[in-house]
Amino acid sequence: MSSKYIIAIVLVVVGLLAVVAGAILLLKKDTKDDGANQSNQSNQSTKTEGETHMNKDGKSIVVYFSAQNHTKNVATKIATNVGADVFEIEPVQAYTEDDLSWTNSESRVSREHNDESLQTIELKNTDVPNWKEYDTVFIGYPIWWGGSAWPVDSFVKKVDFGDKTVIPFCTSHSSGLGTSDTDLKAKATGGNWQPGHRFSQDATDTDIKTWTDSLL
């Protein structure tokens, strides 16, 4: 057998060994990556949101601020479904349609958004009649720039929720609940704050009832 033939065989064997070694390394990497992905998927699949419950044996009230009636409509239906009283948060200076034009940099909400000192809104009244009698308080608001509308923030900072169960809910066109519920909790005094719920502007009576039924 010629030396050239032997060299050719050796090169072929070396080449095959290199291919096999590369395949093993690639298999190990793929297995490692798959394991990480499965771990992440497992973590995501086992992650659960907190459940929200109301004190069904006590007295309830729905407290809300509504700029364009969306939140008012949802608040009214929630109150009807759970047999709650209603209290509307009203700014001393009501928001007009022009005030709410967030695409206008000179509108009221835009100026308030850009200057936090303007977000402390004077309210007509924060003394809810018979406040001490309520065991569950629903807090409703529209989402402004990813958070709760500031008139609601102003209300929450003014009252003492004591040991009441507090259930936030919001309405929005496209934004999610975000951290608006926990942000309100951080601004509040007292209260057993529950996870919030977001309703789209197209929420139906059935959507609202499905949620309120889940609280009982």
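Here are the numbers for this structure:
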| quantity | calculated |
| --- | --- |
| Which numbered condition residue 117 fails, given (1) over 22 Å from residue 178 (Cα atoms); (2) in contact with a helix residue (DSSP H, G or I) (Cβ under 6 Å, 6 or more places away or on another chain) | (2) |
| Filtered residues of the stretch 164-205 (kept if at positive phi and crowded, with 16+ Cβ neighbours inside 10 Å) | 178, 191 |
| Options 168, 151: the member that is free of Cβ contacts under 8 Å to residues at least 60 places away in the same chain and under 24 Å from residue 92 (Cα atoms) | 168 |
| Number of positions in the stretch 78-127 that are among the charged types (D, E, K, R) and surrounded by 10 or more Cβ atoms within 10 Å (Cβ to Cβ) | 9 |
| Qualifying residues in the stretch 51-77 (those that are among the basic types (Lys, Arg) and within 20 Å of residue 203 (Cα to Cα)) - the one surrounded by the fewest Cβ atoms within 10 Å (Cβ to Cβ) | 72 |
| Which listed residue is within 20 Å of residue 66 (Cα to Cα) and part of a loop (DSSP other than H, G, I, E, B), from 177, 118 | 177 |
| Enumeration of residues in the stretch 138-164 that are modelled with pLDDT of 95 or more and either part of a loop (DSSP other than H, G, I, E, B) or more than 18 Å from the chain's Cα centre (by Cα) (or both) | 149, 151, 154, 155, 157, 158, 159, 160, 161, 162, 163, 164 |
| Test: residue in the stretch 72-86 that is among the charged types (D, E, K, R), in the same structural domain as residue 144 (by TED's automatic domain parsing), in a strand (DSSP E or B) and touching a strand residue (DSSP E or B) at 6+ places or on another chain (Cβ under 8 Å) | yes |
| Residue count for the stretch 180-215, restricted to those that are part of a helix (DSSP H, G or I), among the hydrophobic types (A, V, I, L, M, F, W, C) and at pLDDT 95 or above | 4 |
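Let's see how each residue does on (1) over 29 Å from residue 209 (Cβ atoms); (2) touching a Ser or Thr at 6+ places or on another chain (Cβ under 6 Å):
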{"residue": "107", "(1), (2)": "yes, yes"}
{"residue": "110", "(1), (2)": "yes, no"}
{"residue": "131", "(1), (2)": "no, no"}
{"residue": "144", "(1), (2)": "no, no"}
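The values are calculated or read from the model by the stated rules, or taken from the named source; none is laboratory data. These figures come from a predicted structure and were not determined experimentally. Methodologically, a virtual Cβ is constructed for each residue, glycine included, from the backbone with ideal geometry; neighbour enumeration extends over all protein chains shown.
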